[in-house]
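Report on the structure given below.
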Amino acid sequence: MFERPAQGERAVLVQLDFGQGDFAERLEELKLLVASAGAATVAIVQGRRDRPDSAFYAGKGKVAEVAEAIRGAGADIAVFNHELSAAQQRNLEKELDCRVIDRSSLILDIFAQRAKSHEGKLQVELAQLQHLATRLVRGWTHLERQKGGIGLRGPGETQLETDRRLLGKRVKVLKDRLEQIGRQRAVRRRARTRREMLAVSLAGYTNAGKSTLFNALTKAGAYAADQLFATLDTTSRRLYLEDAGQIILSDTVGFIRDLPHSLVAAFHATLEETAAADILLHVVDSASPDRDAQIEAVNGVLEEIGAGAVPQILVWNKIDATGAAPGVERDAYGRIIRVRLSARTGAGIDLLRQALAEAARDRARPLAPAADAA
């Protein structure tokens, strides 16, 4: 049973099984997302369907079950671990008599809470507005239904057009500002290239331990926490490697399956740092039973942002939780494809430093591509 939280919003989680095969892992991830957003899970409703219902996503019977769970738990919100259309969300809110959000809205909310830098806040606002734009088409149907009368002749369409225009203007302002920041970032990258410094970016599934590893390597003190999307803002530090000199190491936002496209688009300038890297350290939570699917999800996002061809070294993190020994794995050509370590305890960190030094000394030799590494 779920305990009633003393404070914060109370959420009923809804997940339907469409035969995808990773149902349990997706549900656990939803619980972590809800907790990261600051809400408490008070009930979970599950079910199986062949396909989503066009009006409610879930069937009528399942919606009634969700309504009962909301009333029984005194919940404030229903969270669907799926992508809802604007019409489905509206129908559900009317039927359930409470707020309903989908997976994309939940992730956007977490990003909004986590953004600290000016650039990060601009990127999150742009993503939110782009997501809102898809929901604005029927946003004023409660007025459009009115058949005229004093004070009600035509305000629905007028208000809708006003909102579209204001939203469009704000989106343009945000895109212009982020484009300017992107140009400044590109200038800094070119300056690093002229100095011929190896550029290394950390990439990986959210909560895989990227920031903990970044701190272990650089002593930077970047924020690291056992929560999803603890890091949004890119942090770069110089790292000195014995016998190889200095490299640039960058920590970036974590990825997740079904990452909203509006977020990927809004964070394009930040993610370009990953695409422009010489090497990607693909950090994997080796203790996760879902690690193979997480690797696949990360590689999918890397392809989307144009970083699919950047050479990778898999960093098999959290071996302190699996009992594996620190080590380095090479392919048939002697190239390093995987390093086993624990960023938390420091075991194997020296092996990763040696791997980076080897890459820095021999930049002309390509590393194993992502497909071979997995």
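Could you tell me which of the pairs K121/K175; K210/K318; K60/K94; K31/K121 are separated by over 18 angstrom between their Cα atoms in the structure shown? In this structure, K31/K121 lie more than 18 Å apart at Cα. Straight-line cross-link partners of K169 among the aspartates and glutamates, defined as a Cα under 18 Å from its Cα and at least 8 positions apart when in the same chain: E125, E161, E179.
Taking θ = phi - 60°, what integer Hz values does the Karplus form 6.51 cos²θ - 1.76 cosθ + 1.60 yield along region 40-51, in sequence order, with x for Gly and Pro? Ordered by residue, 3J(HN,Hα) equals 10, 7, 10, 6, 10, 10, 10, x, 10, 8, 7, 7 Hz.
In this structure region 1-130 gives 48 Å² per residue of accessible area when probed at 1.4 Å with all protein chains present. 3J(HN,Hα) couplings calculated from phi for region 119-132 with the Karplus curve 6.51 cos²θ - 1.76 cosθ + 1.60 (θ = phi - 60°) are, in sequence order, 5, x, 5, 5, 5, 5, 4, 4, 4, 5, 5, 5, 5, 5 Hz; Gly and Pro show x. Within a Cβ distance under 9 Å of A67, other residues only, what is the Lys/Arg minus Asp/Glu net charge? Net charge in that neighbourhood comes out at -3.
Listed by chain and number, the aspartates and glutamates placed with their C-alpha closer than 13 angstrom to that of K219 are D251; residues fewer than eight positions away on the same chain are left out. Short-range pairs are left out: with C-alpha atoms under 8 Å and at least six residues apart, the relative contact order of region 34-144 is 23 percent.
The values are calculated or read from the model by the stated rules, or taken from the named source; none is laboratory data. Computed from a predicted model, the values in this text were never measured in an experiment. Glycine gets a Cβ as well: all are built from the backbone with ideal geometry, and neighbour counts include every protein chain shown. Note: accessible area is taken over every heavy atom of the protein model, side chains too, but ligands, DNA and RNA are not part of it. Shrake-Rupley method; radii C 1.70, N 1.55, O 1.52, S 1.80 Å.
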